Every structure is written in structure tokens, then in C-alpha cells.
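The values are calculated or read from the model by the stated rules, or taken from the named source; none is laboratory data. Everything numeric here is computed off the predicted structure, so don't read it as measured data. Positions of Cβ are generated from backbone atoms using ideal geometry, with glycine treated the same way; all protein chains shown enter the neighbour counts.
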Amino acid sequence: MMLSKPTAHSIPEVPPRMPWQKRARTLLKRALIPPTLVLRRNRISRYLSSESQPKLHVACGANLLSGWLNTDLAVLNRGKTVYLDARKDLPFANDTFCYIFNEHFISCLTLAEGVHFFAECYRVLRPHGVLRTATSGWPLLVDLFKADDMLARRYVEWANKEFLSTSWNLPCLTINNYVYGFNLRFIYDPSCLAWALSQAGFSEIATANIGESGHIALRGIERHGTVVPDEFNQFETFVLEATKK
């Protein structure tokens, strides 16, 4: 038996959604939000409402900076650290922060993830806001092969003993451990890092010394020198500051 095509008159009209139905749907959506997400939103909201110059610290680890919103993928200090996956869009509105800081973290992201992170930093920074990035990379790895550099030789000896428990003072061991032992995804030099920042929208990019800055809020905030001997931190680390126009 063939079915006849329904006419416009035979199709029942869908009643318009009533206001109480809309409200019920909204309440249901809110109820489905994980409690941890609600907690994170509340902590972020409280921080932003209490700071006239908000400062975002990404991948803080155990380095909790006073007056900063300390965030990390692994929340080790509950109540003091806010969960943040820097590979994704940052959960902040445009033009939120005056300063953003990350230390020995950017190489844990792929190049594409790094550029996306920098673009998100650009978005959530206020005009004239500053992003400070401290990291190590190719300058260190190249210097390790300078046999006449006493600091490089001491670094190789220390790193191989510290991380590989060996007395074999071979730079190749140090480099392989640097790349593979810490699960790095992309290794920068200063020029490549500046290029990645420019791809994200930054045009004012400058080098800085560890612990030093023209901005008071960005002085003395690096802590990598408390994890490794200070002379090796100076040997490893380079710093760039990028300002949003």
C-alpha cells in the first residue's frame, strides 16, 4: 500500500517552548557541569575580582607566586593552584591579564601547540600587557660540545651524574637525556621562539636576563635556579618578553 505524502495541514504544529521549559533546560545544563569546573571558575572569578593588575602563571609546578593566578596541568597544591591545560583555549575573556609568565615549559608543547598557546596569551593580555617566557634549548645543546668550555664540561658531568647516575662525561648522553628524558616536544633557540611569538601576534619582543625586567611584576620570579645549581641555570636559560600593542 502506498502512503500518501503528508500535506502541510496534516503535520502537527510543535508548540512553542514555554519560558519554564527554557529555564529547566538551563538548570539541567548547569547541573551537568563537573563540580571541578565550577570550582575552577569560582577560584578564577575570586582572583580576578581581587586584583587590579591580574597576573597569570602557567605551568607553575611547585613555584607558587604571590599575587599571581598559579595554574598547572597537575594540581599539586589544592586550593592554591588552578587546573589549566595550556594546549587548549585559555578559559579567560579577552584583555584579562596584565602579565603572563611561564618557565621551562614551552618545550613541552609541539610547535603548533606552542604558537596556539602564545596566540591565546596575546588574546587574554590587556593592551601593553607582557608575556615573559623562560626556557632552555639549542644554545645549551650546541655549547655542550665545546670541549674547551669548562662550564660546559662541568654541566655535562653534573647532568649525567644527576639524571643518568653515570660518570661517563659524554655530551651525547646529556643531549639525549635532555630531549627524551624530559618528554620535550619542540626545542627552541631565541630566534625561533621570537618567530613563534610573532606568529601569535606579538611584534614587540625583547631579550631579558634571568630575574631582571623593566616591569617590577616580572622581576625575580624565575625559580629554576632553585632546582638546578644557579650557574647551570644561567648556562641553560634564555628569556624573552613579548608585549601586546
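In this structure, residue 120 does not qualify as surrounded by fewer than 17 Cβ atoms within 10 Å (Cβ to Cβ), acidic (Asp, Glu) and at pLDDT 95 or above. Count of segment 198-231 residues, restricted to those that are at pLDDT below 95 and surrounded by 15 or more Cβ atoms within 10 Å (Cβ to Cβ), is 4.
Of all positions in segment 138-148, at least one carries a residue that is farther than 16 Å from residue 104 by Cα, in a helix (DSSP H, G or I) and either touching a His at 6+ places or on another chain (Cβ under 6 Å) or not assigned by TED's automatic domain parsing to the domain that holds residue 62 (or both). Residues in segment 48-66 that are touching a residue at least 24 places away in the same chain (Cβ under 8 Å) and not hydrophobic (A, V, I, L, M, F, W, C): 53, 54, 55, 57, 63.
Checking each residue in segment 198-225 for being touching a residue at least 24 places away in the same chain (Cβ under 8 Å), assigned to a helix (DSSP H, G or I) and more than 27 Å from residue 112 (Cα to Cα) picks out only 217.
Does residue 106 satisfy the condition of being touching a helix residue (DSSP H, G or I) at 6+ places or on another chain (Cβ under 6 Å), touching a residue at least 60 places away in the same chain (Cβ under 8 Å), among the β-branched types (Val, Ile, Thr) and surrounded by 18 or more Cβ atoms within 10 Å (Cβ to Cβ)? Taking the combined requirement at face value, the residue satisfies it. State all residues of segment 112-133 that are touching a residue at least 40 places away in the same chain (Cβ under 8 Å) and farther than 16 Å from residue 202 by Cβ; if no residue qualifies, say none. Listed by number, the list holds a single entry, 113. Residues that are assigned to a loop (DSSP other than H, G, I, E, B) and of a type in the set (A, V, I, L, M, F, W, C) within segment 87-119 comprise 90, 92, 93, 105, 109, listed in sequence order. Scan segment 217-237 and tell me whether some residue there is among the polar types (S, T, N, Q) and in contact with a Phe, Trp or Tyr (Cβ under 8 Å, 6 or more places away or on another chain). No.
With the condition kept exactly as written, say whether any residue in segment 54-61 is on the phi > 0 side of the Ramachandran plot, modelled with pLDDT of 55 or more and surrounded by 14 or more Cβ atoms within 10 Å (Cβ to Cβ). Yes, that holds for at least one residue. Within segment 156-197, if we keep just the residues that are acidic (Asp, Glu) and not in a loop (DSSP other than H, G, I, E, B), the residue that is surrounded by the most Cβ atoms within 10 Å (Cβ to Cβ) turns out to be 157.
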